[in-house]
1. Do we find that ILE171 is assigned to a helix (DSSP H, G or I), among the aliphatic types (A, V, I, L, M) and at pLDDT below 90 in this structure?
2. Would you check if there is a residue in segment 48-61 being of a type in the set (A, V, I, L, M) and under 27 Å from ILE171 (Cα atoms)?
3. Could you please let me know if THR97 is of a type outside the set (Gly, Ala, Ser), modelled with pLDDT of 90 or more and crowded, with 17+ Cβ neighbours inside 10 Å?
4. Please give the helices (runs of 4 or more DSSP H) falling wholly within segment 9-91 in which 3 or more residues are surrounded by fewer than 20 Cβ atoms within 10 Å (Cβ to Cβ).
5. Tell me, which residue of segment 179-228 that is at pLDDT below 50 and not in a helix (DSSP H, G or I) is nearest to LEU94 (Cα to Cα)?
6. Return the only residue of GLY108, GLY156, GLY150, GLY141 being closer than 28 Å to SER24 by Cα, at pLDDT below 75 and either surrounded by 12 or more Cβ atoms within 10 Å (Cβ to Cβ) or not β-branched (Val, Ile, Thr) (or both).
Amino acid sequence: MDILDLFQKGGPAMWPLLVLSILSISVIFERLWFWLRILTQEKEIVNRVLDAAHDNWEVAAEIARQATDQPVGRFLFAPLRLPKSNAETFRLALESTAEDELAGMRRGEKLLEAVIALAPLLGLLGTVLGLIQSLRSIRIGDLGTESTAGVTTGIGESLISTAAGLIVAIISLVFYRLFQSFVVNQVKVFRKAGNEMELLYHQSPPNLSSTSIIVQEASRDSFNPPRKRGRNQFPEPPAPPNAPDSLDS
């Protein structure tokens, strides 16, 4: 039997199963393309940014900016685009960006979860409806005769929807677990890259120019200009009111 014949014999439950299978396949192909681009480029991006950060933060920021089409590039560029930052804001920028990027990586998981839960139930519903229709045509007097052969054929055909639902659910579950493993791996990559970025920040902060400006302003405020000659800042003490008489003599 071909697929079209099986689809027709599966009953009305095959139509919602077809919709679920199309949605599942579209999500699977989109996520596969998404993860293929990430896994083939992120290691190179992380290494280039960290290597540049050892020598020049501006070069590292430029490399990360050029890689903002990738999640790890946006993650590394988030703290470097801040005009002024300290250790706390540097860490918060990394954490907030990591949460947003990881949430984007989980896109489509809810749809796969719905397909995994609904497909077996719809298949079972199609089987139950097929059994009800087949058993209605059975009469007690026909048991054991050749007239029940069509009933058993109908029962066998009603199980097609259950098999189809299980196939859709199993395929969706396999890729759902695969994508979850990719997300867990990305958590490790983000944590490792973020820790190395923070370590480099503590060794040599990227806002050296702003730090030097602050030092110059502080030194300028603490500088006192020289006093002008011929003018005393403090008044001279007054002469004593009564001079001793012994000095006249």
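1. On the way: assigned to a helix (DSSP H, G or I): yes; among the aliphatic types (A, V, I, L, M): yes; at pLDDT below 90: no.
Answer is no for this residue.
2. At the first step, the residues of segment 48-61 found to be of a type in the set (A, V, I, L, M) are 49-50, 52-53, 59-61.
Pick out the ones that are also under 27 Å from ILE171 (Cα atoms) and you get none.
No, segment 48-61 has no match at all.
3. Values: of a type outside the set (Gly, Ala, Ser): yes; modelled with pLDDT of 90 or more: yes; crowded, with 17+ Cβ neighbours inside 10 Å: yes.
Here the answer is yes, as THR97 does meet what is asked.
4. Values: elements: 14-55, 57-66, 71-80.
In segment 9-91, 14-55, 57-66 are the helices (runs of 4 or more DSSP H) which contain 3 or more residues that are surrounded by fewer than 20 Cβ atoms within 10 Å (Cβ to Cβ).
5. Within segment 179-228, the subset at pLDDT below 50 is 208-228.
Narrowing further to those that are not in a helix (DSSP H, G or I): 222-228.
Values: SER222: 37, PHE223: 39, ASN224: 43, PRO225: 45, PRO226: 49, ARG227: 51, LYS228: 54 Å.
Looking at residues that are at pLDDT below 50 and not in a helix (DSSP H, G or I), I get SER222.
6. Working: GLY108 fails: at pLDDT below 75; GLY150 fails: closer than 28 Å to SER24 by Cα; GLY141 fails: closer than 28 Å to SER24 by Cα.
Result: GLY156 is the single residue among GLY108, GLY156, GLY150, GLY141 that is closer than 28 Å to SER24 by Cα, at pLDDT below 75 and either surrounded by 12 or more Cβ atoms within 10 Å (Cβ to Cβ) or not β-branched (Val, Ile, Thr) (or both).
The values are calculated or read from the model by the stated rules, or taken from the named source; none is laboratory data. Just so it is clear, the model here is predicted, and its values are computed rather than measured. Every residue, glycine as well, gets a Cβ built from its backbone with ideal geometry; the counts of neighbours run over all protein chains shown.
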